[in-house]
Amino acid sequence: MRILVLGGTTEASRLAKALAERADIEATLSLAGRTVDPAAQPIPTRIGGFGGVEGLAAHLRDHAIDALVDATHPFAAQISRNAAEAARVAGTPIVAFVRPAWTRAPGDDWREVASLEEAAAAIGAAPKRVLLTTGRLGLASFEIAPQHHYVIRTIDPPGDLPGLPDHALLLDRGPFDLAAERALMERERIEVVVTKNSGGAATYPKIVAARELGLPVVIQQPPTRPDVPRVGDVAGVFAFLNGVGKA
């Protein structure tokens, strides 16, 4: 069975490891290329886009892909939409490996927003010290609020940020430890945490740390995903693939 996995997440890496142990499956992991130095994977990996829906559909047909697994980031909305449409065009079964979004717990002070622009506005007019963990590609959205001191954490350097004159940059990759997250917020005297509701365990400690410190969290909610079958773990992916194989 030939499988194409659209990855870039902890879940995709976990799935790749499991697929590597299956002699009856020929799997390829595809990464969008947004991370400069992605972690090594145990299955063949391609980096870069396909050229939209038509390009991905052609790839699925030309490589006789038996099933497509969308294990992309919850906020990779365009990629997920393209994947669903390409699978429909090519007649390829598709399943989404989806991590559940975080939900409020007692003590959480969340300000839920739909976009990064709304997140920037929700910080408020008065200057604050902000821990910003929304990823490097959306940083321009915060140029409407240059009065804050931003502690920006990204995996890769974001380049020059002239629109954010008061910032400090932290280059780091999860998973993150609760004690370290709390120490970071205390050391940097953070007053507001701004993040995306990405779900999963790797970056959840910052939510817990903010809760313990009584800090508000401005949190962007994930976009609506395409209407395709969804599973929440590796076992669910294999159950789907078994069904495809029997069909």
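Please treat every number below as a calculation from the coordinates, not as lab data. Quick caveat, the model's predicted, so the values are computed rather than measured. Here Cβ is always computed from backbone atoms with ideal geometry, including for glycine, and neighbour counts include all displayed protein chains.
Tell me, Kirkwood radius of the chain from alpha-carbon pair distances, in Å?
About 19.3 Å, per the Kirkwood formula over Cα pairs.
For the range 110-220, what does the alpha-carbon gyration tensor say about shape, rounded, prolate or oblate, given a ≥ b ≥ c as the root eigenvalues, a/c under 1.5 as rounded, and a/b over b/c as prolate? Walk me through the intermediate numbers first.
Details: a/c = 1.40, a/b = 1.26, b/c = 1.11.
Verdict is rounded for the range 110-220.
Going by the alpha-carbon gyration tensor, a ≥ b ≥ c the square roots of its eigenvalues, is the range 26-80 rounded (a/c under 1.5) or, if a/c is not under 1.5, prolate (a/b greater than b/c) versus oblate? Please list the in-between numbers first.
Working: a/c = 1.69, a/b = 1.19, b/c = 1.42.
Because a/c hits 1.5 or more and a/b fails to exceed b/c, the range 26-80 counts as oblate.
Between the helical axis of 234-246 and the dominant principal axis of the chain, each derived from Cα atoms, what acute angle in degrees is found, rounded to the nearest 10?
Here the helix axis deviates by roughly 20 degrees.
With n ≥ 4 as the cut-off for DSSP H runs, can you work out [θ] at 222 nm for the chain, using -39500 (n - 2.57) per run divided by the number of residues, rounded to the nearest 500?
Calculated from helices alone, the mean residue ellipticity at 222 nm is -9000 deg cm²/dmol.
Could you tell me the calculated FRET efficiency between Ala235 and Ala77, based on Cβ-Cβ distance and R0 = 30 angstrom, to the nearest 0.05?
Details: r = 26 Å, r/R0 = 0.87.
Once the sixth-power term is evaluated, E becomes 0.70.
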